1. Report relative contact order for the stretch 54-141 in percent, whole number only (criteria: Cα-Cα under 8 Å, sequence separation at least 6).
2. Which residues' amide hydrogens lie under 5 Å from the amide hydrogen of PHE168, considering only partners 5 or more residues apart or on another chain, with H built in the peptide plane?
3. Each residue of the stretch 193-202 in order: what ³J(HN,Hα) in whole Hz does its phi give by Karplus 6.51 cos²θ - 1.76 cosθ + 1.60, θ = phi - 60°, with x for Gly and Pro?
4. Distance between Cα centroids, the stretch 145-199 to the stretch 235-254: provide it in whole Å.
5. Could you give the nm distance between label points at SER253 and PHE168, where each point is 7 Å from its Cα heading toward the beta carbon?
6. Below 8 Å between Cα atoms, with a sequence gap of 6+, how large is the relative contact order for the stretch 142-249 in percent?
7. GNM on the chain, C-alpha springs below 10 Å: top fluctuator among LEU242, LEU164, LEU98?
8. So what are the radius of gyration and Dmax for the Cα set of the chain, in Å?
Amino acid sequence: MLSAAAVLITFLAGSNARTFTVFNNCPFTIWPAVFTDLNVGTAVPSVATGWEAAAFSTTTFSVPNNWKAGRIWGRRNCNFSNGAGANACLDGGCNGGLLCDPHTGTGVPPATLAEWTLGTNGQPDFYDVSMVDGYNLPMRISNSVGCPVADCPVDLGPNCPSSLKGPFDSTGFPVGCKSACVANLDGNPSNSPNCCSGSHNTPATCPSSGVAFYSYFKSNCPNAYAYPYDDNTALKTCASSLNANYTLTFCASP
Ligand SMILES: *[C@@H]1O[C@H](CO)[C@@H](O)[C@H](O)[C@H]1NC(C)=O
Ligand SMILES: *[C@@H]1O[C@H](CO)[C@@H](O)[C@H](O)[C@H]1NC(C)=O
């Protein structure tokens, strides 16, 4: 017979939280990071805001059902021994160092992002993979209930257009591919067709055809955001009543 405490724990786990798994399928160490926009909600995952993940390692944690505006990404080629904060990694670094600052610890682009807003009050879960801040690692969001997959399962570094390619590791290998916005190709980030900003800040005034190198990202990763208004193809939903558990796999293959 279950004790009252066991019943309570089972009830809490089943009704108030999801299980998230972060699997580093890359053959090298990465440093995953988690950020919650605390302006939107207060619920946070029960995991540190950053950790070191050895090649082929798995980290599992619980996430409250009302997690809003959350993101997870990977950092590459980090060395925190100098306490170098956001610049301690070649890409994806955050204010704070190994532990990202809860208020300002978003990733330094280029960084592929996995994003979630879990559904409450009958709303579905929303989730996506985004290359709006550029690309730094392939990833896939899968789930335990048969809802759609969101992914960018391709290494976009080696074939990245030269004006977007990089940063580079010590061997000269590209560990990222910037978006045209992040690369500031048009020199005017506050009013840019590449950034969908200023006079280009609506779907009508920011067509994907006006975003430089959009097709490089979108043809390789049709299931991910290649610019801010890719909702139709990149934004995935899952009925929150299914209580999906999610797995984020870095270096997922096609
Ligand atoms: C990290 O940086 C420190 C200080 O600059 C250096 O001594 C060390 O060799 C670096 N570690 C790696 C693995 O590169
Ligand atoms: C989610 O994971 C938990 C813990 O592993 C498990 O008990 C639960 O059945 C899973 N739920 C779904 C919907 O997959």
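Just so you know, all these numbers are worked out from the coordinates, no wet-lab data involved. Because the structure is a prediction, the values reported are computed rather than measured. Counting neighbours? That spans all protein chains shown, and the Cβs are built from the backbone with ideal geometry, glycine included.
1. Relative contact order, the stretch 54-141: 25 percent.
2. VAL175
3. x, 6, 9, 6, 10, x, 6, 10, 9, 10
4. With the stretch 145-199 and the stretch 235-254 each reduced to a Cα centre, they are spaced 23 Å.
5. 2.8
6. 29
7. LEU242
8. Cα-based Rg and Dmax for the chain come out at 18.4, 67 Å.
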